[in-house]
Amino acid sequence: MKEMRVVILTGGIFHDFGQMTAATVGILAAAGMETELVGTPADLVAALDRAPADLVVVQALRFRMLGNEKYAPHRAEWAYETDPDLMRALESHAKAGRGIIALHTGCICFDGWPGWHDLLAGGWVWGQSYHAPGLETVDVTPVGDHPVTEGIRPFSVTDEHYRDLDIHPEAIVLAQGRTGKAVDHPVAWARDGGEQGGRAVTLTFGHDLASIANPGQARFIQQAALWAAGRNGESSI
């Protein structure tokens with residue numbers, strides 16, 4: 001199998017992105033993906049301008065940090081207003097038929113740019129979306145017949161359970177999550193081409209290393225990456 005080039009945007013507040021991204025690199029390497037880590041959106045633009053990538057993974061928390069005053073002490077270092085160069089790079093990447101994965105806070109990133117939700121077919125909306133104050137045990141049920149979910153059985157994960165996200169009509173829901181007797185909320189969805197170009201998958205779990213390393217979650221990440229990059233049926237997990 002031809003080795004694939006993957007560029008991962010990592011970094012942000014309130015998460016150990018170093019550990020989490022290292023685990024993601026291992027999951028993707030097992031499927032023959034060569035990963036390049038970048039720590040800022042500007043570095044992501046430079047990496048995509050330097051050479052095409054089969055897949056972009058956003059495992060980061062880079063946003064305007066306006067939704068809650070708890071972010072105030074961190075704004076000087078981490079607040080990010082989406083740069084036109086990043087919009088251009090990601091839109092060009094997708095229009096070329098190349099894949100995108102958003103992990104956990106990836107669907108919160110770039111909140112000043114509606115086009116990010118268009119590329120993902122959904123995401124976090126300030127004033128609407130939320131999660132409980134702490135981590136919860138969530139029962140995950142794959143739904144539908146799709147290469148990303150093939151062979152993945154229902155599993156449980158302890159994580160932040162995002163609720164009331166903006167899921168676009170064209171999104172393909174891949175898994176539902178339920179906490180206790182609460183209603184189901186989509187925890188994974190895909191966009192398969194269309195006007196935006198290449199495939200995209202969003203997985204809302206991945207708050208910490210334990211979540212990333214969960215066998216069900218790890219297989220989900222790997223199969224999502226393979227499908228988004230156009231490599232169906234090659235999972236090694």
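The values are calculated or read from the model by the stated rules, or taken from the named source; none is laboratory data. All figures in this text were calculated on a predicted structure; none of them were measured in a lab. No Cβ is skipped: glycine too gets one built from the backbone with ideal geometry, and neighbour counts run over all protein chains shown. Surface accessibility is based on the protein's heavy atoms, side chains included, excluding ligands, DNA and RNA. Shrake-Rupley method; radii C 1.70, N 1.55, O 1.52, S 1.80 Å.
Odds and ends about this structure:
- Remark: pairs (first residue in region 136-158, aromatic (F, W, Y); second residue not in a strand (DSSP E or B); Cβ separation under 8 Å; 6+ apart in sequence or on different chains) = F155/N214; F155/P215; F155/G216; F155/Q217.
- Looking across region 90-116, not a single residue is aliphatic (A, V, I, L, M), surrounded by fewer than 20 Cβ atoms within 10 Å (Cβ to Cβ) and touching a Leu at 6+ places or on another chain (Cβ under 8 Å).
- Qualifying residue in region 171-181 (condition: open to solvent by 30 Å² or more (accessible area, probe 1.4 Å) and in contact with a Gly (Cβ under 8 Å, 6 or more places away or on another chain)): yes
- Flag: L44 does not match the condition of being of a type outside the set (K, R), in contact with a helix residue (DSSP H, G or I) (Cβ under 6 Å, 6 or more places away or on another chain) and free of Cβ contacts under 8 Å to residues at least 60 places away in the same chain.
- Of all residues making up region 191-219, the number that are out of contact with any Phe, Trp or Tyr (no Cβ under 7 Å at 6 or more places or on another chain), buried (at least 24 other Cβ atoms within 10 Å of the Cβ) and farther than 14 Å from E170 by Cα: 3
- Going through (1) surrounded by fewer than 17 Cβ atoms within 10 Å (Cβ to Cβ); (2) in contact with a His (Cβ under 9 Å, 6 or more places away or on another chain); (3) within 18 Å of L103 (Cα to Cα) one by one, A132 falls short only on (3).
- Number of residues in region 65-76 that are surrounded by fewer than 16 Cβ atoms within 10 Å (Cβ to Cβ) and touching a residue at least 40 places away in the same chain (Cβ under 8 Å) equals 3.
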